[in-house]
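Shown next, in structure tokens, is the structure this report addresses.
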């Protein structure tokens, strides 16, 4: 057991429990800073994310706050796209030789995008909603929903980042959902996506299982504690601080 890694998992889990955003965007760069190979950091984070989100899916399924049809449409696009991203990095020699640099630069751009999306969510939520896209029924937006899955699925497969925050922003501004359904649907889809991506990375030997176990020892209680504190602590200031940290880290990786 590595105490420093466990404490890092606890802090990340606590922040995710309090704010609901930014878990992978915080964790993957931290692992790279600690000297973990970028591709190992991505694969490990995906497996860690899958196990963590399983707890959330179970709770939201009990609460009936998952839009199953939307999860299906998003997954139709995201899972094949993430598979393509992972396969491209590992199976084609040109990409495989430069995958560490590709992952680092992709992480930088995606972290910047995630930071901006969090800031938009914090400061402009009420100003942007409602809009004409939200008024259309889901069936009319089936192709758009699958396309969102394709684009963001590729990003998640490449970097492990965005399975929650990027999809949550899309759902927030393009679909009419209450907060609990949005969170439940986002977690359920993210669980499917990161589980498939994690299994693929594991098959290529890109997962450090001991590192994953140490992170989970800290993050699971962290998420539970953070979730309980949400009624006592305002999430917006923390989300703003997290977005700023993610933005600065992302710009340094570009």
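Selection of helices (runs of 4 or more DSSP H) fully inside the range 162-252 by the criterion of at least 3 residues being modelled with pLDDT of 75 or more and closer than 18 Å to residue 121 by Cβ returns 165-174, 179-203. Scanning the range 178-187 turns up no residue that is under 26 Å from residue 4 (Cα atoms), touching a residue at least 60 places away in the same chain (Cβ under 8 Å) and crowded, with 23+ Cβ neighbours inside 10 Å. Of all residues in the range 19-70, those satisfying the criterion of being more than 19 Å from residue 218 (Cα to Cα), outside any helix (DSSP H, G or I) and out of contact with any helix residue (DSSP H, G or I) (no Cβ under 6 Å at 6 or more places or on another chain) are 35, 37, 63, 64. From the residues in the range 58-67 that are touching a residue at least 24 places away in the same chain (Cβ under 8 Å) and over 15 Å from residue 168 (Cα atoms), which one is surrounded by the most Cβ atoms within 10 Å (Cβ to Cβ)? Ranking the qualifying residues of the range 58-67, first place goes to 60. No other residue among 204, 154, 167 is touching a helix residue (DSSP H, G or I) at 6+ places or on another chain (Cβ under 9 Å) and under 14 Å from residue 67 (Cβ atoms) apart from 167. Is at least one residue of the range 143-151 touching a residue at least 12 places away in the same chain (Cβ under 8 Å) and over 16 Å from residue 72 (Cβ atoms)? Taking every residue of the range 143-151 in turn, at least one turns out to be touching a residue at least 12 places away in the same chain (Cβ under 8 Å) and over 16 Å from residue 72 (Cβ atoms).
The values are calculated or read from the model by the stated rules, or taken from the named source; none is laboratory data. As the structure is a prediction and not an experimental result, all values here were calculated from the model. Using ideal geometry, Cβ is built from the backbone for each residue, glycine included, and neighbour counts are taken over all protein chains shown.
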